[in-house]
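Reviewing the structure listed below.
Here, each number is a calculation from the coordinates, and none is a lab measurement. This one's a predicted model, so the numbers in the text were calculated from it and none came from an experiment. Reconstructed Cβ throughout: ideal geometry from the backbone, glycine too, with neighbour counts over all protein chains shown.
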Amino acid sequence: MWRLLLFASLICTSILAQTQPAIPRTADGKPDFSGYWNLPYTPNMAAGALEAKVPYTPAGLSAYKNHDAKDDPTSLCLYPGVPRIMSSPYPMQIIQTPEYVVMIFEYMRLWRVIPTDHRAHPSNVQPTFMGDSTGWWEGDTFVIDTVALMGGAKTWLDTAGHQHSDELHVTERLRRTAPDTLVLNFTLDDPVMYSKPWEHERIIKPLKQAPGLPMLLEYSCNENNRDVQHLVSTKPAESR
């Protein structure tokens, strides 16, 4: 009986493999992420009922409840940080070599250069807006490990105001599951703001641009921004 079940399982696996379109691969056999991609805008990582499931610490809950939308760092032209850059409403280009995966973002003309050799983070790395990233392959999955991200409300996790500290550790797993699909899973580990790791997923599709237009447009963020939409206070009026 077990031989029959094994045979049937092998047949099903073979049929499934034949019906699924093959993903593009590089000369060294790795999944090819190269191309232009539309990042899925996610202004709130815990929209609707998901908010009740956020594993806040008391500090994390207080930071979220007391945030003011006009203090969004991106309204002041500060860089969005990781993972927020991967949920921004602007496309990116990926350039892939055996040594690096390079992400070029339309948003603020930013980039991430991620080595693929699983190198250690520098021992004296200083916190920055985009942090320090290192990567490696686990089969067909590219893993990105990012540390040394600025806390202190200098970057937010999303537009809704979810906060993080300078102890944030982001682990991203990027896969190409179909010719037209990238899947990004990422885990936020921040013991100051969240009582346990907080996991998310994004589906990324190819960018389709009108003929004759550049794939990535020039993005200019003006210092001393006076955008009324972003700078209107959302804090309740103080009682007198």
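Can you tell me the convex hull volume per residue for the range 89-216, based on C-alpha atoms, in Å³ to the nearest whole number?
Working: hull volume 17.0 nm³, N = 128.
Enclosed volume per residue, from the Cα hull, is 133 Å³.
Arranged from highest to lowest average of other beta-carbon atoms within 10 Å per residue, in what order do the peptides 204-217, 67-80 appear? Numbers along the way, then the final one.
Values: 204-217: 11.4, 67-80: 17.0.
My ranking of the peptides, most packed first, is 67-80, 204-217.
Identify all lysines with a Cα-Cα distance to residue 65 below 29 Å; exclude those on the same chain that are fewer than 8 residues away in sequence.
Output for residue 65: 53, 154, 196, 235.
Work out how much length residue 70 to residue 109 would gain on full extension: take 0.36 nm times their residue separation and subtract the Cα-Cα distance, in nm to one decimal. Provide the component values of the computation, followed by the final result.
Values: separation 39, 0.36 × 39 = 14.04 nm, distance 2.30 nm.
Working it through step by step, the gained length comes to 11.7 nm.
With just the Cα atoms of the range 74-118, tell me how far they stretch along each of the three principal axes, in Å, largest first.
Projected onto its principal axes, the Cα set of the range 74-118 covers 36, 19, 15 Å.
Project the alpha carbons of the range 181-220 onto their principal axes and report the range along each, largest first, in whole Å.
49, 28, 7
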